[in-house]
């Protein structure tokens with residue numbers, strides 16, 4: 001599907017408190033520090049919060065701010081890229097949450113078939129699988145300032161494989177259930193993507209915005225340090241994009 005949307009942007013801070021029953025946060029990693037003060041004005045201890053973001057440990061930045069609130073972490077899979085008319089949605093959106101009482105309540109907010117939502121019994125593995133793929137694609141496209149067409153070059157395809165392998169090693173050490181077939185699965189998936197497909201990290205670099213390095217490759221490097229797993233290719237990506 002290809003749907004184009006023009007998205008209004010509101011930068012104003014709220015001048016009065018709004019008490020919400022539900023708050024859905026969909027933030028990039030670099031938005032979080034500046035968003036916290038605004039978010040506080042939207043909640044009471046009874047507000048139920050769903051956090052949609054990249055990286056690991058989705059709820060950590062918000063736990064101290066909302067110690068009494070029920071919160072659920074959420075993944076979203078939805079390919080969206082900018083175009084001259086706004087943003088183009090390349091695929092249907094899919095949300096993935098841990099199977100819990102709060103997640104089931106969240107699902108009930110939507111009409112049947114309004115959006116695809118999966119309640120996972122192994123959310124950690126789902127998080128790692130998305131992170132492994134998105135950090136490999138995002139890191140390499142951001143460094144080269146090019147689309148997935150780079151993977152027709154054997155050099156970049158080799159780097160992609162190595163990034164995937166490193167991510168799998170760290171994920172397994174962190175308790176994710178990822179089998180030997182996952183690398184092949186991602187390589188076959190890569191072949192299905194159009195050559196002009198980009199990544200959110202590439203888009204941010206091309207638009208001169210910050211990139212989610214700490215929620216992608218940097219996240220894997222940090223977790224590798226914690227678990228004593230070497231990830232030299234991811235470390236090189238972080239160094240290249242930091243400088």
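Tell me the residue from 88, 52, 80 that is more than 17 Å from residue 27 (Cβ to Cβ) and in contact with a strand residue (DSSP E or B) (Cβ under 6 Å, 6 or more places away or on another chain), please. Quick ask: steps written out before the conclusion?
Details: 52 fails: more than 17 Å from residue 27 (Cβ to Cβ); 80 fails: more than 17 Å from residue 27 (Cβ to Cβ).
Just a single option satisfies the conditions, and that option is 88.
Can you tell me which of (1) at pLDDT 95 or above; (2) touching a helix residue (DSSP H, G or I) at 6+ places or on another chain (Cβ under 6 Å); (3) surrounded by fewer than 22 Cβ atoms within 10 Å (Cβ to Cβ); (4) closer than 20 Å to residue 78 by Cα is the one residue 148 doesn't meet?
Every condition holds for residue 148 apart from (2).
Table: residues versus (1) at pLDDT 95 or above; (2) surrounded by 17 or more Cβ atoms within 10 Å (Cβ to Cβ).
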position	(1), (2)
200	no, yes
203	no, yes
216	yes, yes
223	yes, yes
229	yes, yes
238	yes, yes
242	no, no
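Please go through region 167-195 and pick out each residue that is outside any helix (DSSP H, G or I), in contact with a helix residue (DSSP H, G or I) (Cβ under 7 Å, 6 or more places away or on another chain) and over 23 Å from residue 52 (Cα atoms). So that I can check it myself, show each step before the final result.
Restricting attention to region 167-195, the residues satisfying the condition of being outside any helix (DSSP H, G or I) are 174-181, 193-195.
The next check asks that each one be in contact with a helix residue (DSSP H, G or I) (Cβ under 7 Å, 6 or more places away or on another chain); those that pass are 174-178, 193, 195.
Within region 167-195, 193, 195 meet the criteria.
Identify all residues within region 29-60 that are assigned to a helix (DSSP H, G or I), over 21 Å from residue 119 (Cα atoms) and without any contact (Cβ under 8 Å) to a residue 60 or more places away in the chain; write none if there are none. Can you show your working first?
First pass over region 29-60, keeping only residues assigned to a helix (DSSP H, G or I): 29-40, 60.
Filter again for over 21 Å from residue 119 (Cα atoms), leaving 29-40.
31, 32, 33, 34, 35, 36, 37, 38, 39, 40, listed by residue number.
So, in region 198-228, how many residues would count as being in contact with a strand residue (DSSP E or B) (Cβ under 8 Å, 6 or more places away or on another chain) and in a loop (DSSP other than H, G, I, E, B)?
The total comes to 2.
Give 81, 12 a once-over and let me know the one that is at pLDDT below 90, within 19 Å of the chain's Cα centre (by Cα) and outside any helix (DSSP H, G or I). Reasoning before the result, please.
On the way: 12 fails: within 19 Å of the chain's Cα centre (by Cα).
That would be 81, the only listed residue that is at pLDDT below 90, within 19 Å of the chain's Cα centre (by Cα) and outside any helix (DSSP H, G or I).
Being touching a helix residue (DSSP H, G or I) at 6+ places or on another chain (Cβ under 9 Å) and not in a loop (DSSP other than H, G, I, E, B) is the filter; apply it to region 84-102 and report the residue that is farthest from residue 134 (Cα to Cα).
98
Going by the conditions given, is residue 106 assigned by TED's automatic domain parsing to the domain that holds residue 52 and either modelled with pLDDT of 95 or more or not in a loop (DSSP other than H, G, I, E, B) (or both)?
Values: assigned by TED's automatic domain parsing to the domain that holds residue 52: yes; either modelled with pLDDT of 95 or more or not in a loop (DSSP other than H, G, I, E, B) (or both): yes.
Considered against the rule, which asks whether it is assigned by TED's automatic domain parsing to the domain that holds residue 52 and either modelled with pLDDT of 95 or more or not in a loop (DSSP other than H, G, I, E, B) (or both), residue 106 comes out as yes.
Is it the case that region 28-48 has a residue that's modelled with pLDDT of 90 or more, farther than 18 Å from residue 200 by Cα and touching a helix residue (DSSP H, G or I) at 6+ places or on another chain (Cβ under 8 Å)?
Taking every residue of region 28-48 in turn, at least one turns out to be modelled with pLDDT of 90 or more, farther than 18 Å from residue 200 by Cα and touching a helix residue (DSSP H, G or I) at 6+ places or on another chain (Cβ under 8 Å).
The values are calculated or read from the model by the stated rules, or taken from the named source; none is laboratory data. Note that the structure is predicted; figures quoted are calculated from it, not measured. All Cβ positions, glycine included, derive from the backbone under ideal geometry; neighbour counts span all protein chains shown.
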